[in-house]
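The values are calculated or read from the model by the stated rules, or taken from the named source; none is laboratory data. Source: prediction; values computed, not measured. Using ideal geometry, Cβ is built from the backbone for each residue, glycine included, and neighbour counts are taken over all protein chains shown. For the accessible areas, the whole protein counts, side chains as well, though only heavy atoms, and no ligand, DNA or RNA atoms are used. Shrake-Rupley method; radii C 1.70, N 1.55, O 1.52, S 1.80 Å.
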Amino acid sequence: MRKILAAGNWKMNNTPSQAEAMINELKGKVAGCKNDVLICPTYVCLPAAVKAAEGSNIKIGAQNLHFEDKGAFTGEISAQMLKEIGVEYVIIGHSERREYFAETDDTVNAKVIQALKYDLIPVLCCGESLKQREDTITFDFIRSQIKIAFRGISKEDAVKIVVAYEPIWAIGTGKVATSEQANEVCKDIRECLAGIYDEETAANIRILYGGSVNKDCAAELFAMSDIDGGLVGGASLKPDDFSIICNA
Ligand code: PEP
């Protein structure tokens with residue numbers, strides 16, 4: 001049985017003190033929530049976020065990591081550093097990182113492997129552009145992203161990964177995919193995973209939808225057969241809205 005996960009991606013928003021205040025506010029609103037709740041603030045907010053979330057049902061994740069253990073990688077953060085401060089999840093391969101920071105399917109794969117090595121749960125992002133959707137290559141494109149991202153990963157590790165299907169045209173645009181559109185891609189991702197591993201493994205991997213999820217559409221999306229929650233940007237910055245999504 002897959003448990004719904006509501007994950008907030010704060011992107012480059014909030015200072016440490018704002019993060020602490022927002023998590024303190026959110027804690028009470030999601031206290032009785034039966035779904036998993038995750039907040040992913042910026043690196044500098046992580047210690048404050050971990051501390052504020054202590055004793056609550058809110059998990060904390062990073063928005064990125066480096067794929068090497070350590071070394072001459074100015075400005076980068078390692079899996080071990082994240083682990084030591086109490087981070088449990090890490091977003092990998094968000095389309096903004098692919099677009100603005102030249103992340104490739106290969107670096108995404110290396111990062112997923114690195115996260116698993118340090119017992120961090122990867123939230124692995126994939127998704128097509130508007131052009132790819134119009135060219136009707138959505139399924140082929142996403143299957144290729146998934147096959148490369150899971151390369152070299154055992155089925156025991158694969159079930160720890162959370163996949164986030166995020167059509168790029170829906171991120172930050174207010175244009176939510178319909179629940180049918182989102183579900184058919186999530187279902188295809190699951191079929192692709194069944195091809196790589198087997199039906200049972202695929203059935204145990206959580207697949208989220210992300211792209212302008214808001215308090216009004218979350219319940220319908222999360223009720224779909226192959227959608228196991230959401231990766232939420234804008235709406236996760238509003239504790240009232242995000243708590244409704246978490247409770248959806
Ligand atoms: C995201 O950043 O992953 C995202 C889905 O953003 P938004 O919800 O704002 O579209």
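Residues in region 1-59 that are among the hydroxyl-bearing types (Ser, Thr, Tyr) and either open to solvent by less than 10 Å² (accessible area, probe 1.4 Å) or more than 18 Å from Ile91 (Cβ to Cβ) (or both): how many?
3
Anything in region 14-37 that is without any contact (Cβ under 8 Å) to a residue 60 or more places away in the chain, under 22 Å from Lys215 (Cβ atoms) and not in a loop (DSSP other than H, G, I, E, B)? List them, or say none.
Those that are without any contact (Cβ under 8 Å) to a residue 60 or more places away in the chain, under 22 Å from Lys215 (Cβ atoms) and not in a loop (DSSP other than H, G, I, E, B): Gln18, Ala19, Ala21, Ile23, Asn24, Lys27, Gly28.
Quick one: Tyr100 ticks every box in (1) within 16 Å of the ligand (Cβ to nearest atom); (2) touching a residue at least 24 places away in the same chain (Cβ under 8 Å); (3) over 15 Å from Ala149 (Cα atoms) except a single one, so which number is it?
Tyr100 satisfies all of (1) within 16 Å of the ligand (Cβ to nearest atom); (2) touching a residue at least 24 places away in the same chain (Cβ under 8 Å); (3) over 15 Å from Ala149 (Cα atoms) except (2).
Could you tell me which numbered condition Ser212 fails, if it satisfies all but one of (1) out of contact with any strand residue (DSSP E or B) (no Cβ under 7 Å at 6 or more places or on another chain); (2) within 15 Å of the ligand (Cβ to nearest atom); (3) open to solvent by less than 10 Å² (accessible area, probe 1.4 Å)?
(3) is the only condition that Ser212 fails.
Filter region 223-244 down to residues that are more than 7 Å from the ligand (Cβ to nearest atom) and assigned to a strand (DSSP E or B) and give me whichever is nearest to the chain's Cα centre (by Cα).
That would be Gly230.
Give region 156-184 a look and list any residue that's open to solvent by 50 Å² or more (accessible area, probe 1.4 Å) and under 20 Å from Asp105 (Cβ atoms), or say none.
Answer for region 156-184, where residues must be open to solvent by 50 Å² or more (accessible area, probe 1.4 Å) and under 20 Å from Asp105 (Cβ atoms): Lys160, Ile168.
Could you check region 107-183 for helices (runs of 4 or more DSSP H) lying wholly inside it with 1 or more residues that are in contact with a helix residue (DSSP H, G or I) (Cβ under 8 Å, 6 or more places away or on another chain) and of a type in the set (Gly, Ala, Ser)?
138-149, 155-158
Consider only pairs whose beta carbons are under 7 Å apart and that are at least six residues apart or on different chains; among these, list those whose first residue lies in region 195-208 and is modelled with pLDDT of 95 or more and whose second residue is open to solvent by 70 Å² or more (accessible area, probe 1.4 Å).
What qualifies is Ile196/Lys147; Tyr197/Lys155; Thr201/Lys155.
Which residue pairs have Cβ atoms closer than 6 Å, lie 6 or more positions apart in sequence or on different chains, and pair a first residue in region 158-173 that is closer than 12 Å to Gly233 by Cα and within 10 Å of the ligand (Cβ to nearest atom) with a second residue that is part of a strand (DSSP E or B) and of a type outside the set (S, T, N, Q)?
Close Cβ pairs (under 6 Å, with a partner that is part of a strand (DSSP E or B) and of a type outside the set (S, T, N, Q)) amount to Glu166/Cys125; Glu166/Gly210.
Can you tell me which of (1) surrounded by fewer than 19 Cβ atoms within 10 Å (Cβ to Cβ); (2) in a loop (DSSP other than H, G, I, E, B); (3) of a type in the set (Val, Ile, Thr) is the one Val87 doesn't meet?
Evaluating Val87 over (1) surrounded by fewer than 19 Cβ atoms within 10 Å (Cβ to Cβ); (2) in a loop (DSSP other than H, G, I, E, B); (3) of a type in the set (Val, Ile, Thr) leaves (1) as the failure.
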